[in-house]
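Report on the structure given below.
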Amino acid sequence: MNSNTIRPGHLVMVDMDGTSLAAATADFIREHDIRAVCLFRKNLGSEAEVKRLCADLRELMGPEALIGIDQEGGSVVRATFLPQPPAAMALGAADDEALSEAIGAAVARGLRGLGINWNFAPVLDINNNPANPVIAERSFGEEPERVTRLAGAWMRGSLAEGVACCVKHFPGHGDTHVDSHHALPAVDKTLAQLEALELKPFRALAPIAPAVMTAHIVYPQIDPEHPATLSKRVLTGILRKAMGYDGVVITDALMMKAIHERYGHARAAVLALQAGADLVLAQGARHEQLAAIESIDAALRDGSVPLARADQARGRVAALATRFPIRAESYADEQRASDDALMRAAWARGLVALGAPRPPRADERLRVFTQRSVPCDGVSEAGPSAEQIAALFAGFKDVELIALARLDDLDGASMPRDGRFNVLASNHRARYGAAAAGWRPDLHLVLWNPYQALDVAAAALVSWGYADGALAAVKAWLDGRADALPTPPVTLAPRAA
């Protein structure tokens, strides 16, 4: 074996600009023999444009092409023109394995129809930290048994429809209070503590998981020097050896600040491969992608990444593409309509009522507080607008809508006891904390981060998200046409007055 048999481009996944395959991008992919591309919101034009882009990428990269996307459900859904799946925590509330499996299959059918063969889902993180700023409703719950059952069912559905899954974020991102997109989190737990909670779903589902995505988190009691993505103790010691995992290990994006600001693409790419990763997600500017490729090339030549290690990684990635080939099959209208109905029904089944909320009467005078707009933050899609919130109250006789630039700036005195029924519609992700100490709405609609219910002294309706199906379910409850479950899959209770 010699270095000429392994191209560095085989060990990286890149992103790209635009909704079509530009000549310069095609030249870059061809020159470096790149076989894996991840699509993001910036790449998704119309459905027809996405199909064309995927077809062009498949023709360019060949039969071992991998086209990936984040189509988890809830707020993390890139292809919003497909039927919109419920957030994992909505499925956690419904607690129905058959439903989760059906949703996983429906998501896969939609992606397969576009020409996408790899979905970076489901999330196996156990969200046991209410301050978690990035996972929350993306998790199936706070109990390892529930997460394992429902995520496993979701995976079975996806795999049966021919789309690869990628469980994440190993060894667990549920107990952080820092978003690794912006800083480097640390989880100060022993291996025994991780085995008792975070690692349980990964250990249980590793035998059927085609791929695992790493977490940009430092576990100082295991490896105080490197985040999991770059840690041989974590990826080789725990995942490969202790758990016996032999599927594809892909890093989370190197451009995330937890990695980029400390290591840069060049150093991180090599460290990840040395640690036991097979594919480096070198998302970023072209020069950053090139830095990752060139650093891998140099490491292959000087032996700092042994050829045997690189060949093993390349073999795993090629096997994944062979097992899950791109099949741009038609997504029939009848099947799409059926999948959309399934997802809407799943959203409705996940509604949870906390503290015995009551819907307002149709003739009641209402005052609704919400944020005017919530832009996409690069991880989650844009939150529901004030116009969408107003539509929830269509049919009510007298509604005063107060749309604020920032909902956190709401003054509790703005909720006077003047005969109007005060509704707080939480349409953004961040927790409120002390800002909400004086808020006393009559009803709190928690339309995104469920842990906002802990901040506000009010009975609440929790939807776990704001997709069309979620908002339709909330509207049905407000109109008195639907019920809500009494028990959530995580510990929640409205703040005491």
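The values are calculated or read from the model by the stated rules, or taken from the named source; none is laboratory data. Everything numeric in this text was worked out from a predicted model, so none of it was measured. Glycine also receives a Cβ, built like all others from the backbone with ideal geometry; neighbour counts cover every protein chain displayed.
Applying a threshold of 8 Å to beta carbon distances and a minimum spacing of six or more residues, or different chains, the list of pairs starting in region 108-134 at a residue that is acidic (D, E) and ending at one that is in a loop (DSSP other than H, G, I, E, B) and surrounded by fewer than 24 Cβ atoms within 10 Å (Cβ to Cβ) reads D125/I135. Confirm whether L407 is touching a Pro at 6+ places or on another chain (Cβ under 9 Å), surrounded by 19 or more Cβ atoms within 10 Å (Cβ to Cβ) and farther than 30 Å from G113 by Cα. Criteria not met by L407.
Return yes or no: is A136 in contact with a Gly (Cβ under 7 Å, 6 or more places away or on another chain) and closer than 23 Å to S75 by Cβ? Don't jump to the end; show me each part of the working.
Numbers: in contact with a Gly (Cβ under 7 Å, 6 or more places away or on another chain): no; closer than 23 Å to S75 by Cβ: yes.
When the stated conditions are applied, A136 does not pass them.
Can you spot a residue in region 116-136 that is at pLDDT 95 or above and either in the same structural domain as E381 (by TED's automatic domain parsing) or over 14 Å from the mean Cα position of the chain (by Cα) (or both)? Looking through region 116-136, at least one residue is at pLDDT 95 or above and either in the same structural domain as E381 (by TED's automatic domain parsing) or over 14 Å from the mean Cα position of the chain (by Cα) (or both).
The sole residue among V368, V280 that is assigned to a strand (DSSP E or B), under 22 Å from the mean Cα position of the chain (by Cα) and either at positive phi or of a type in the set (A, V, I, L, M, F, W, C) (or both) is V280.
Kindly check whether there is at least one residue in region 175-195 that is in the same structural domain as I250 (by TED's automatic domain parsing), among the polar types (S, T, N, Q) and more than 20 Å from A242 (Cα to Cα). Yes, there is a match, as at least one residue in region 175-195 is in the same structural domain as I250 (by TED's automatic domain parsing), among the polar types (S, T, N, Q) and more than 20 Å from A242 (Cα to Cα).
Restricting attention to region 244-255 and to residues that are modelled with pLDDT of 95 or more and buried (at least 19 other Cβ atoms within 10 Å of the Cβ), the residue that is nearest to E145 (Cα to Cα) turns out to be Y245. F324 meets each of the listed conditions (1) surrounded by 17 or more Cβ atoms within 10 Å (Cβ to Cβ); (2) free of Cβ contacts under 8 Å to residues at least 40 places away in the same chain apart from (2).
Which of the residues belonging to region 448-490 are under 21 Å from the mean Cα position of the chain (by Cα) and part of a loop (DSSP other than H, G, I, E, B)? Selection gives W448, N449, S463, W464, G465, Y466, A467, P488, P489, V490. For region 7-50, filtered to residues that are assigned to a loop (DSSP other than H, G, I, E, B) and buried (at least 21 other Cβ atoms within 10 Å of the Cβ), the residue that is farthest from the chain's Cα centre (by Cα) is I34. Here are E400, E334: which of them is without any contact (Cβ under 8 Å) to a residue 24 or more places away in the chain, of a type outside the set (A, V, I, L, M), farther than 26 Å from I135 by Cβ and outside any loop (DSSP other than H, G, I, E, B)? Going through E400, E334 in turn, just one is without any contact (Cβ under 8 Å) to a residue 24 or more places away in the chain, of a type outside the set (A, V, I, L, M), farther than 26 Å from I135 by Cβ and outside any loop (DSSP other than H, G, I, E, B): E334.
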